[in-house]
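*Asks:* Please read through the structure below; I'll follow up with questions.
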Amino acid sequence: MKKVLFITYYWPPSVKASLHWPLKMIKFLPEFGWQPSVLTVEEDTFSSKDDSLLNGIDKSVEVIKANSFEPFNIYKKFTGRKKDEQLVASETISTVNKSITHRISIWIRMNLFIPDARVGWYYPSVKKGSGYLDKGNINAIISIGPPHSSHLTGMKLSKKFSIPHIPVFIDPWVDIVYYKNFKRSKLTVALDNYLEKRVLHTSKSAIFVTKTMRDDYIKKYPFIKNKSHVLYWGYDEEDFKNITSNNQGDEKSIVHAGNIFDFQNTPEFWKQVKAEINNGRKLKIKFIGTVSPGIRQTIEKTGLNSYTEFLGFLPYDKMLEKLGNASYLLVCATEPRHVPGKVFEYLRTAKPIIAFGNDNEEVKCILEKTNSGMMFRYSQNGKEFFEKADSFTTDRSKVKAFERRNIAKGLAEILNKT
């Protein structure tokens, strides 16, 4: 059996959403002739923890951990937070917070940490990875970004040991949507572009989790056209074996799972939800994960506080239970290149999906092809969804194409060509 090293900063018990793709690829790859090992950080001090995720890792998977310099510990001290206080992703880049310490922290984050705030992991990960590769017969290296600093580790180890490197882009690099409301210097952007281009140029292949992102990268770097691939986020059928769909009677719940940021706010939709309630419809909004200050303010301003539950972080299996009990599922795409990973878990539940995203034809196409919901622009209120929600019957035969076992098979085929 051939061997592949995954470089992923996020790893259980971290609950960062981007770890689920490599976690499931690692689970299924042995079925297709590839034995994975993992290079990760010693401790992710930023993300919440879910120890249950450790149960899904086969004991045969070797996990190598490297220490890291964590700038978020300095951020806590600088902004007056307690050392053991859990940071909220949507708050650390919120545009609502106007304090001078927050604004200085944002500028430092956007301009001095290149390519990202995890760059302090680069040298320790290269050192630890080199020690591992000196001993093991590894046939390929896969790096997962974000954080895109993981790709720098992959590129360095690839060059040092002459092992093919395949970067996986869960999100774009230089122009990731998180940056759009903040200023980055020309020098910062130029250096970031240089690193991105170099990683792609030296890679054996490149993988993107959306077709639109791949197309966008091909326009920017035409040389990757014949070595780039799309492997969607997908879902794991086994995760749903104990999930049942419950009928809630007259009360209908709208559930959003995952972090939601200021730039994903849907003020017209919140107004429509309130109008539906005023017209006698029994609706409840439930947020699983972190909710940005701007969205919380809009919820309150719209008069929806008493109809809204902020459930915070939930273990993965409990989150899936909430999806199974939902009436409608809400997803907010950040940009045209973004197909949120939760879309595929939503699809598996077969619950009606209401999506928001400007010019996001890929999400719209997936929803229409599977007859699972509707998509709207952020300026729209989604009224038509409430009128048609009961008519959506998800086509499960089409949803099965997104099972992660099938996606892992596609990854194995790419690896076989390295």
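*Asks:* Gap in Å between the Cα centre of the stretch 355-397 and the Cα centre of the stretch 150-190?
*Replies:* 32
*Asks:* Pull up all non-local amide H partners of Val255: gap of 5 or more, or a different chain, and H-to-H distance under 5 Å with H placed in the peptide plane.
*Replies:* The list, which skips near neighbours in sequence, is Lys286, Ser327, Tyr328, Leu329, Leu330.
*Asks:* Taking the stretch 1-51 on its own, what percent of its Cα-Cα pair distances exceed 19 Å?
*Replies:* Values: 357 of 1275 pairs.
Value for the stretch 1-51 (Cα pairs over 19 Å): 28 percent.
*Asks:* Could you work out [θ]222 nm for the chain from helices alone, using -39500 (n - 2.57) per DSSP H run of at least four and dividing by all its residues? Round to the nearest 500 deg cm²/dmol.
*Replies:* Working: 16 runs with 159 residues, N = 418.
Helix contribution divided over all residues of the chain: -11000 deg cm²/dmol.
*Asks:* State whether the stretch 254-331 is rounded, prolate or oblate according to the following rule on the C-alpha gyration tensor (a ≥ b ≥ c being the square roots of its eigenvalues): a/c under 1.5 gives rounded; otherwise a/b larger than b/c gives prolate, and the remaining case gives oblate. Display every interim value, and only then the final one.
*Replies:* Values: a/c = 2.11, a/b = 1.28, b/c = 1.65.
Here the stretch 254-331 falls in the oblate category.
*Asks:* Let me ask another. Can you tell me the 0 to 90 degree angle between the C-alpha axis of helix 267-278 and the longest principal axis of the chain, rounded to 10?
*Replies:* Rounded to the nearest ten degrees, it is 40.
*Asks:* How big is the stretch 188-294 by Rg and Dmax over its Cα atoms, in Å?
*Replies:* 21.2, 60
*Asks:* Cut-off under 20 Å on the C-alpha distance; same-chain residues fewer than 8 positions from Lys322 excluded. Which lysines are left, in chain and number order?
*Replies:* Here the lysines satisfying the reach criterion relative to Lys322 are Lys16, Lys49, Lys241, Lys252, Lys282, Lys284, Lys286, Lys342, Lys351.
*Asks:* Long-range amide H contacts for Thr308: which residues qualify at under 5 Å (H placed 1.01 Å from N, peptide plane, sequence gap of 5 or more or a different chain)?
*Replies:* Answer set, sorted by chain and number: Ile285.
*Asks:* Could you tell me the relative contact order of the chain? Use alpha-carbon pairs under 8 Å, at least six residues apart, and round to a whole percent.
*Replies:* Numbers: 756 pairs, mean separation 64.3, N = 418.
Contact order relative to length: 15 percent.
*Asks:* Of Ile295, Leu367, Gly357, whose Cα points farthest to the positive end of the dipole of the stretch 237-400 (charges on the beta-carbon: +1 Lys, Arg; -1 Asp, Glu; origin at the Cα centre)?
*Replies:* Ile295
*Asks:* Right, here's the next one. Can you compute the label reach from Asn416? Point 7 Å from Cα along the Cβ direction, backbone N cut-off under 11 Å, restricted to the stretch 1-45.
*Replies:* Flagged as within label range: 32-34.
*Asks:* Further question: Less than 15 Å Cβ to Cβ from Lys135, Lys/Arg counted +1 and Asp/Glu -1: what total charge do the surrounding residues give?
*Replies:* Numbers: positive: Lys3, Lys127, Lys128, Lys160; negative: Glu62, Asp134.
Here the count lands on +2.
*Asks:* Something else: When the convex hull of the Cα atoms of the chain is projected onto a plane and the area is averaged over all directions, what value comes out in nm²? Walk me through the numbers on the way to the answer.
*Replies:* On the way: hull surface 78.8 nm².
For the chain, averaging the hull's shadow over all directions gives 19.7 nm².
*Asks:* Then there's this: Provide the percentage of antiparallel DSSP beta bridges, counting only those with both residues in the stretch 237-400; round to the nearest 5. Don't jump to the answer; show the numbers that get you there.
*Replies:* Numbers: 1 of 23 bridges.
The answer is about 5 percent antiparallel.
*Asks:* A follow-up question, please. On a 0 to 90° scale, report how tilted helix 100-112 is relative to the longest principal axis of the chain, with both axes built from alpha carbons and the result rounded to the nearest 10.
*Replies:* 40
*Asks:* Something else now. Charges at C-beta only: +1 for Lys and Arg, -1 for Asp and Glu. How large is the resulting dipole of the chain about its Cα centre, in Debye rounded to 20?
*Replies:* Numbers: 64 positive and 45 negative charges, 228 e Å.
My answer is approximately 1100 debye.
*Asks:* A follow-up question, please. Under 14 Å from the 7 Å Cα→Cβ point of Ala401, by amide nitrogen: which residues of the stretch 354-395?
*Replies:* 362-372, 395
*Asks:* Can you run the Rg to Rh ratio on the stretch 322-411? Use alpha carbon positions and the Kirkwood inverse-distance Rh.
*Replies:* 0.96
*Asks:* Decide, for the stretch 237-400, between rounded, prolate and oblate: order the square roots of the alpha carbon gyration tensor eigenvalues as a ≥ b ≥ c, take rounded if a/c falls under 1.5, and otherwise choose prolate if a/b is larger than b/c, else oblate. Before the final figure, lay out each step's value.
*Replies:* Details: a/c = 1.32, a/b = 1.20, b/c = 1.10.
Judged from the Cα gyration tensor, the stretch 237-400 comes out rounded (a/c under 1.5).
*Asks:* Relative to the first principal axis of the alpha-carbon coordinates of the chain, what is the inclination of helix 186-202, with its axis defined by its Cα atoms, in degrees from 0 to 90 and to the nearest 10?
*Replies:* Roughly 70 degrees, rounded to the nearest 10.
*Asks:* Okay, next question. Enumerate the lysines that Lys2 could reach by cross-link, defined here as Cα to Cα under 17 Å, with residues fewer than 8 away along the same chain left out.
*Replies:* Lys27, Lys135, Lys204, Lys409, Lys417
The numbers here are math on the coordinates, done by the rules we state, and not lab data. For clarity, every value in this text was computed on a predicted model and none was experimentally measured. A quick note on method: Cβ atoms are made from the backbone with ideal geometry, for glycine too, and the neighbour counts reach across all protein chains shown.
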